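See structure below.
The values are calculated or read from the model by the stated rules, or taken from the named source; none is laboratory data. All figures in this text were calculated on a predicted structure; none of them were measured in a lab. Note that we place each Cβ from the backbone using ideal geometry, even for glycine, and neighbour counts take in every protein chain shown.
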Amino acid sequence: MSTPSVLVVLPTLGDRQEFLERALQSCADLNKLIPTTVAVIVPPGSGPARQAAHNAGAIVLDDPGTGMAEAVNAGLRVTSTEEFYVWLGDDDELVASGVVELVGALEHDTSAVMAYGHCDYVDGGGSVIGTSNAGPWARFFLPWGPNLIPHPGTVVRLRALQDIGGGLLSTTLPQSWPMGIAIMSMAVGP
C-alpha cells in the first residue's frame, strides 16, 4: 500500500502575517507525519505573505480575485498525486496528528468521502475559547443547516470531490460552498 498524501489549500489576503506563518508552520508539522503539498493562494501585491509561503516551501498561486470558492479552486488545480484535501484558513492551524487520524479513517473505510473531527476555537493570544465537537450530530443536521462540521478539521477524499464536481468547488451553490460540498459528498459515500 502506498503512503497517502494530502493537499492543503490555504487562501489568504495576505493581511494577517502572524497568523499565516502559524498556519504554514502547522502544515510543516503535518508534512513531518505524512507527505503534504501546500498551495497558498494570495493576491499578487501581497509581498510578505508570498515570501512567507515561498519560504515554507509552498506552491504560491495568484488569487483570481473572484471569491473564496475560486481561490480554493485555484489551489485544487495543482493536485497531482495527492489523495486527500484539506482547506485551511490563514488564521487557522492544523493539528497534524488529528489530520493523520482522519486520513487513517478514510483509508480504513474506502467508501467514506470525508472525515472530520473536533475543532478548537482559539483567540488571538492562543487560548482555547471553545470547541466544536458535534460528532455524528453534524451529519444529521447538515441537510437542514447549520453546518456544524468544522472545515479546518475536515479531510476530503479528492476522488470524491472529482466525482461530485469535476474536482472543483461550485461557485453557484445556493448554500455556502463548504456546506454544499458536504451535502453533495453524502450522495457519493456514507
Original post:
When you scan region 83-116, how many residues do you find that are closer than 28 Å to ASP15 by Cβ and acidic (Asp, Glu)?
Top reply: 4
Subject >> Cβ pairs under 8 Å, 6+ apart, first in region 89-107 and free of Cβ contacts under 8 Å to residues at least 60 places away in the same chain and over 20 Å from ARG16 (Cβ atoms), second among the hydroxyl-bearing types (Ser, Thr, Tyr) and crowded, with 20+ Cβ neighbours inside 10 Å >> reply: LEU102/TYR116; LEU102/THR154
Original post:
Within the bounds of region 106-126, is there any residue that is modelled with pLDDT under 90, surrounded by 12 or more Cβ atoms within 10 Å (Cβ to Cβ), touching a Cys at 6+ places or on another chain (Cβ under 9 Å) and under 19 Å from GLN25 (Cβ atoms)?
Top reply: no
**OP:** May I ask you to verify whether THR3 is modelled with pLDDT under 90 and either under 16 Å from the mean Cα position of the chain (by Cα) or of a type outside the set (Gly, Ala, Ser) (or both)?
**Re:** yes
